[in-house]
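Worksheet: the structure to be examined is printed underneath.
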Amino acid sequence: MNENLRTMIQAVDDRIIHASVTWLDTSTARGGADSKTARGSRADVNLDEDAYLVAAMASAALAAAEARADFADGMTLNDRKVAVDGAATEAAEKVLRQAPFGIRVAAGEGERDDSPGAHSGQWLGLAESEAARTVDGVFDYVDGTELAATAEPGALTLGGFGVGVRPVPDLQAYAVLAPVELLADLDLMLRPEDGVRMVLDRIAASLGKLPADLTVSTHSIASTPMHHTLIDLMRSRVRAVLVPESVTVEPPYLLSLVGLSEPRIDSMIGAIGLSELAFAAGLVDLVAPGLGFAFRLASISGPRAEPTLTSLDALFNFSEDEEAALRSSGWDKDRQYTSEDLVRPGTSRSAALFAVTDNPSLGIRGPEPEGEGVANVEGFLVKPSAKVGRIRLDYRR
């Protein structure tokens, strides 16, 4: 598989002069021998899909880093973010448009602020009328755009392929990661601050732990103070709450489930963009199918209208435009969902993520010069049954 994949990746983009793929042993983190035997044929097919996904996400990472190097003096932060997103989007879609199969975009970032990015409903690859095979794509060409624009660690490019991914509007969700058998018993329609103790107690019991033994990741509090109350409540109840300092980028926390980062989380609780949730649900289907998300839909405009609120109440104050978007896409703000409503179990085909800036959590570095006229890009390809390949691509510049 390695040699075929390397050859196909290099054939996708003639700028790539070397590709290396190292498959990692995640069996210990996932429970030993049983995890190894779970690795089936689903992980070893569709190499052309893997090649295009890897090449697109790596190209986006390189383009985003190069855009940062070209910033003009006096550019505002917003202009820098648009430049980074625009360069990454153009680079990724240049690759994806050449794919010999159809790609229906089910989730992407960009619509809500009319910024560059993938849009739900977009079509890439072979024309729909010509495609004998179609996959659903979930893309965030730069997750952590502000980190990329300010050269801070943690920005990633994210892309995933699956089948039957439900399209989502560019809004948010209040979500909880928990064992699949528990999802239907969690009541997220309660006010989050009122229901979080029950949620933590049930997650702990299902894992055979006490709440005080749990490690929970959540969202950043940098943008507004609205998350403080929930975070303080969780901190009074569990061993550790992992709070990003500035921008929330979820995949490193989820990849702790297979030992790629530390510490290992027991749950993830808080606000998350719907496109990020679609990617996260697909990633969990690949690496930890015994877990899933329960979630309810949430607003973007509500928190923006009440930036000083210290609770999550504004998450559920939808604008008329948001309500119209939900109705037109068949989502209900008054209903609770699970990740199965986004990604059916066993249908995720692959996920790829590459460093735009250094990512100490995952041990991958942002694009860097490697000798005269060469740059390298580092990341991961994730396949079913937690088959994870560490990827390094060297580009001719």
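Restricting the range 202-238 to residues that are in a helix (DSSP H, G or I) and touching a Pro at 6+ places or on another chain (Cβ under 6 Å), which is nearest to P303 (Cα to Cα)? Please lay out each step first, then the result.
Filtering the range 202-238 for residues in a helix (DSSP H, G or I) gives 202-206, 211-213, 225-235.
Within this subset, residues satisfying the condition of being touching a Pro at 6+ places or on another chain (Cβ under 6 Å) are 204, 206, 226, 230.
On the way: A204: 30, S206: 33, M226: 8, L230: 15 Å.
Filtering the range 202-238 for residues that are in a helix (DSSP H, G or I) and touching a Pro at 6+ places or on another chain (Cβ under 6 Å), the one nearest to P303 (Cα to Cα) comes out as M226.
Have a look at S299, S311, S329 and point out the one that is over 18 Å from the mean Cα position of the chain (by Cα), surrounded by fewer than 16 Cβ atoms within 10 Å (Cβ to Cβ) and not β-branched (V, I, T).
On the way: S299 fails: surrounded by fewer than 16 Cβ atoms within 10 Å (Cβ to Cβ); S311 fails: surrounded by fewer than 16 Cβ atoms within 10 Å (Cβ to Cβ).
Answer to the check: S329.
Which members of the range 357-372 meet the condition of being outside any loop (DSSP other than H, G, I, E, B) and open to solvent by 70 Å² or more (accessible area, probe 1.4 Å)?
P369
Any residue at all in the range 138-151 that is surrounded by fewer than 18 Cβ atoms within 10 Å (Cβ to Cβ), free of Cβ contacts under 8 Å to residues at least 24 places away in the same chain and either of a type in the set (S, T, N, Q) or part of a helix (DSSP H, G or I) (or both)?
no
Run down A132, A107 and say which single residue is at pLDDT below 95, of a type in the set (G, A, S) and surrounded by 24 or more Cβ atoms within 10 Å (Cβ to Cβ).
So the residue among A132, A107 that is at pLDDT below 95, of a type in the set (G, A, S) and surrounded by 24 or more Cβ atoms within 10 Å (Cβ to Cβ) is A107.
So which residues in the range 79-104 are part of a loop (DSSP other than H, G, I, E, B) and buried (at least 21 other Cβ atoms within 10 Å of the Cβ)?
A99
Looking at the range 170-184, is at least one residue open to solvent by 20 Å² or more (accessible area, probe 1.4 Å), out of contact with any Cys (no Cβ under 8 Å at 6 or more places or on another chain), farther than 23 Å from S220 by Cβ and assigned to a loop (DSSP other than H, G, I, E, B)?
no
Only one of these is of a type in the set (A, V, I, L, M) and either at pLDDT below 95 or outside any strand (DSSP E or B) (or both): A324, A294. Name it.
Only one candidate passes the filter, namely A324.
Conditions first: (1) basic (K, R); (2) buried (at least 20 other Cβ atoms within 10 Å of the Cβ); (3) part of a loop (DSSP other than H, G, I, E, B). R349 passes all but one, so which condition is the exception?
Here R349 clears every test but (3).
The values are calculated or read from the model by the stated rules, or taken from the named source; none is laboratory data. None of these values were measured; they are calculated from a predicted model. Cβ atoms come from the backbone with ideal geometry, glycine included; neighbour counts cover every protein chain shown. In case anyone asks, the SASA skips ligands and DNA or RNA and just uses the protein heavy atoms, side chains included. Shrake-Rupley method; radii C 1.70, N 1.55, O 1.52, S 1.80 Å.
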